[in-house]
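Let me give you the structure first, and then I'll get to my questions.
Rule-based calculations on the coordinates, nothing more; no lab input. Quantities reported herein were computed from a predicted structural model and do not represent experimental measurements. Cβ placement follows ideal geometry from the backbone for every residue including glycine, while neighbour counts extend to all protein chains displayed.
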Amino acid sequence: MKKIATYFIALGLLFSACNPMEEIYNEIDTKAITNVNKDIAVTLSDADYESFGGNVAEDYAFSENDPADAYLPGYLYDLHPALTSGSAANVTYNFSVGYPDLSAYTGAGKYYLSSSDYASVSETVGAVGYFSPSTPAGDYIPSILETALPDAQNGEHYIIGYNYSNTDPNPDDVKKVTVFEYLFTEDLGDFLTFSVAGDQEWYGTANYGAKMSGFSGGPLVNEDWLISPAIDLSGYDDAVLNITQAVNHLNDQWDQLTVVISTDFNGTNPNAATWTALTVPNLPTGNNWSFVESGDIDISAYDGEEIVIGFKYTSSDANAATWEITDFAVKAVGASVIVPTVVEEFYTFDSGWKKSTDAYYVKAEDYNSMGSPGKYDNFSKSNNPDNYLPQLLSVKYPYAQEGDVLAVVYKYYSGGVKTRADEYHFSDGKWIKYNPVVVKTDQFILTESNGWVFDPTISFSMKSSDYQIIVDWVKVNKGSDKVDSYGTQEFYYGAGSYYSNYDLRDGKWDSSAFSTWQDAVKESIGEVLLPAKYPNAVAQVSGIDVMYKVTFATYDGSGGSYTWVFQCTKSGPSPEFTFVPEE
């Protein structure tokens with residue numbers, strides 16, 4: 001018998017040394033019962049989240065779509081099967097509040113200033129085609145956008161592109177001016193398209209510019225036009241056209257691709273206009289995707305006239321090339337030899353255009369400065385934006401202040417180039433990416449009929465703003481004579497926001513209205529504070545009465561603190577709260 005007893009003692013010591021439920025099982029052994037009532041505390045581990053599967057396992061967090069109370073009841077039962085009704089569990093877990101909606105920035109429109117926009121600023125700016133220290137862009141862009149984007153709505157964001165030089169222009173340096181320019185970076189802008197024959201037509205792409213191909217399962221017969229807006233060369237000399245283009249699968253049939261010019265195009269029928277073919281100095285090879293700059297295409301014969309430039313594409317059932325054009329510019333005498341920087345930044349319309357202070361657009365210059373991302377001017381899996389953006393922001397915003405928030409919009413390649421955005425906060429001297437996960441602790445209680453259920457009790461300690469709610473209510477409803485000259489202390493209930501407490505001394509609360517200070521405080525919390533602070537309070541959550549545990553401070557010559565419980569007995573709007581005495 002001694003051997004058996006010794007064996008059980010040793011076995012008990014073994015279990016007590018490694019069992020996380022030691023305390024509960026010890027109580028079970030001591031009382032010789034199979035169930036126990038306990039209050040426990042649990043913090044979820046990574047393994048716990050993984051066991052739940054789905055989005056919870058992927059994010060290591062619960063969320064609004066995957067609430068904790070959908071998973072934790074079963075988890076708690078499996079973890080502590082011996083616990084009985086009345087037990088409580090304080091569970092600490094991760095909760096994802098979701099990412100901020102930045103779609104207004106990722107979906108923002110784009111507008112790049114035209115030569116006429118620069119000309120509207122001054123003769124000099126119009127001649128050189130850029131802003132400079134003496135003519136800062138921010139002084140002129142709002143009025144330019146009023147004209148260019150007349151239908152903008154409040155809250156609408158645009159990426160505005162313009163040229164800027166740190167050097168003011170010198171009239172002696174003026175040589176050429178950009179009369180008209182368009183970069184086919186997203187769409188075809190104001191260019192017109194006409195499909196005379198065939199189902200294929202010109203379209204815009206983000207990476208390859210304006211694009212046309214008559215190949216669809218094989219070469220097909222097509223005639224398609226891409227025609228520029230009207231370009232006014234009045235007052236200009238020695239005009240030239242510059243384009244950047246790539247051509248593939250041409251098979252030396254250059255007669256299928258022509259660049260033409262007209263002065264009588266009516267805007268509706270390209271074949272009714274008179275077109276003259278232009279000579280392009282530098283042509284692509286026609287058999288690869290390499291982009292080639294055309295050099296200066298001479299259109300000086302049309303100085304002083306209004307012109308349009310056309311790109312005429314034809315294909316046959318024997319040959320169908322692909323034609324891509326990324327850059328288009330018409331220049332004439334007047335442009336500065338200074339090469340400006342292209343600036344792209346957000347502007348927001350709010351009863352007028354203003355430069356956005358809460359968003360930053362990562363541009364080509366930024367990608368280049370970061371090294372590897374500059375190869376394609378985007379981030380990717382191999383060039384994680386998290387590894388670059390904090391440093392970029394520290395350079396761009398050297399005087400950022402604690403608490404500053406910024407939406408950062410950038411290009412990301414994942415099977416294609418997409419626009420993404422992250423929110424960054426400036427904290428402790430550095431930029432930190434927004435983290436949607438917060439740590440929460442909620443209480444669950446074990447009920448006789450429903451098992452583990454979420455305890456919706458709300459607990460808080462009154463702060464200055466809470467006491468001020470009461471002060472303001474007294475001033476409006478009991479009269480300003482019940483409030484001190486500072487507007488921070490009232491003498492009906494005794495609440496004061498300056499010291500954040502109830503003053504219980506004689507004369508500091510209305511003893512003619514209340515028998516005791518307790519009655520005064522109960523009314524101020526139950527009938528004034530809680531209805532104002534929680535106007536949409538509900539009486540029950542999942543069949544559980546909702547309680548409010550309110551901690552408040554007092555002063556009667558010395559400081560004190562109390563915690564009282566109120567029950568929401570009528571749901572909002574206009575909720576009602578009842579004091580719950582201690583048992």
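Under the classification rounded if a/c is under 1.5, otherwise prolate if a/b is larger than b/c and oblate if not, where does segment 389-449 fall, given a ≥ b ≥ c as square roots of the Cα gyration tensor eigenvalues? Each step should come with its number before you reach the end.
Numbers: a/c = 5.02, a/b = 1.71, b/c = 2.95.
The shape class here is oblate.
Provide the FRET efficiency to the nearest 0.05 for the residue 272-residue 183 pair, computing r from the beta carbons and using R0 = 51 Å. Intermediate values should be presented prior to the final figure.
Details: r = 30 Å, r/R0 = 0.58.
Computed FRET efficiency for residue 272 and residue 183: 0.95.
What number, in percent, do you get for the relative contact order of the chain if the mean sequence gap of Cα pairs under 8 Å and at least 6 apart is divided by its residue count? Spell out each step's value before the answer.
Numbers: 1173 pairs, mean separation 73.4, N = 583.
In percent, rounded to a whole number, it is 13.
Could you give the size of the charge dipole of segment 359-429 about its Cα centre, using +1 on the Cβ of each K and R and -1 on the Cβ of each D and E, expressed in debye and rounded to the nearest 20? List each step's numbers first, then the result.
Working: 7 positive and 9 negative charges, 93 e Å.
The dipole of segment 359-429 has a size of about 440 debye.
If you take the charge dipole of segment 179-336 about its Cα centre, with +1 on Lys and Arg Cβ and -1 on Asp and Glu Cβ, which of 329, 310, 218 is farthest toward its positive end?
218
Once you compute Rg and the Kirkwood Rh from C-alpha atoms, what is the Rg to Rh ratio for the chain? Display every interim value, and only then the final one.
Numbers: Rg = 36.6 Å, Rh = 31.4 Å.
Result for the chain is an Rg/Rh of 1.17.
Okay, next question. Using the number of other C-beta atoms within 10 angstrom as an exposure proxy, rank 370, 212 with the fewest first.
Details: 370 18, 212 24.
Going from sparsest to densest Cβ surroundings: 370, 212.
Could you line up 377, 117, 255 from fewest to most neighbouring Cβ atoms inside 10 Å? All intermediate terms of the calculation are to be shown ahead of the outcome.
Details: 377 18, 117 21, 255 8.
Lowest count first: 255, 377, 117.
Also: Explain nothing, just the number: relative contact order of segment 461-580, from Cα pairs under 8 Å at least 6 residues apart, as a whole percent.
On the way: 225 pairs, mean separation 26.4, N = 120.
Over segment 461-580, the number comes to 22 percent.
Label segment 410-548 by shape, choosing from rounded, prolate and oblate, from the square roots a ≥ b ≥ c of the eigenvalues of the Cα gyration tensor; if a/c is under 1.5 it is rounded, and otherwise prolate applies when a/b is larger than b/c, oblate when it is not. If you can, show how the numbers build up before the last one.
On the way: a/c = 3.32, a/b = 1.64, b/c = 2.03.
Here segment 410-548 falls in the oblate category.
Still on this structure: Using helices alone, what [θ] at 222 nm do you get for the chain, with -39,500 (n - 2.57) per DSSP H run of 4 or more residues, divided over all residues and rounded to the nearest 500? Each step should come with its number before you reach the end.
Details: 14 runs with 113 residues, N = 583.
Calculated at 222 nm, the ellipticity per residue is -5000 deg cm²/dmol.
May I ask which residue of 414, 243, 526 lies farthest towards the positive end of the charge dipole of the chain, with charges of +1 (Lys, Arg) and -1 (Asp, Glu) on Cβ and the Cα centre as origin?
Selected residue: 526.
How much of the DSSP bridge set in segment 461-580 is antiparallel, in percent, rounded to the nearest 5?
On the way: 20 of 23 bridges.
If I count the DSSP bridges inside segment 461-580, around 85 percent turn out antiparallel.
Among rounded, prolate and oblate, which fits segment 359-429 when a ≥ b ≥ c are the square roots of the eigenvalues of its C-alpha gyration tensor, a/c under 1.5 means rounded, and a/b larger than b/c means prolate?
Numbers: a/c = 2.26, a/b = 1.77, b/c = 1.28.
Cα axes put segment 359-429 in the prolate bin.
Determine, for 312, 440, the number of other Cβ atoms within 10 Å of each Cβ, and report the residues in order from fewest to most.
Working: 312 20, 440 14.
In increasing order of surrounding Cβ atoms, one gets 440, 312.
Then there's this: Which value in nm describes the separation of the simple spin-label points at residue 39 and residue 579, placed 7 Å from the Cα toward the beta carbon?
Output for this residue pair reads 2.3 nm.
A follow-up question, please. Among DSSP beta bridges whose residues both lie in segment 355-460, state the antiparallel percentage, nearest 5.
Antiparallel bridges: around 80 percent, rounded to the nearest 5.
Follow-up question, since we're still on this one. Hey, got the dipole for segment 245-374? About the Cα centre, +1 on K and R Cβ, -1 on D and E Cβ, debye to the nearest 20?
On the way: 5 positive and 18 negative charges, 29 e Å.
Dipole magnitude for segment 245-374 comes out near 140 debye.
A further question on this structure: Where both residues lie in the chain, what percent of DSSP beta bridges are antiparallel, nearest 5?
Details: 109 of 132 bridges.
The answer is about 85 percent antiparallel.
Here is a further query. Using the Cα centre as the reference, give the magnitude of the dipole from point charges on the C-beta atoms of segment 461-580 (Lys, Arg: +1; Asp, Glu: -1; all else neutral), rounded to the nearest 20 debye. The partial results should precede the final answer.
Values: 10 positive and 14 negative charges, 52 e Å.
So the dipole magnitude of segment 461-580 works out to roughly 240 debye.
If contacts are Cα pairs under 8 angstrom and at least 6 residues apart, what is the relative contact order of segment 179-336 in percent?
37 percent
Moving on to the next point. Looking at segment 444-498, which trypsin sites (Lys or Arg not before Pro) are DSSP coil and have at most 13 other C-beta atoms within 10 Å of their C-beta?
Values: sites: 463, 475, 478, 482; in loops: 463.
Here the trypsin sites (Lys or Arg not before Pro) that fit, given the DSSP loop and packing criteria, are 463.
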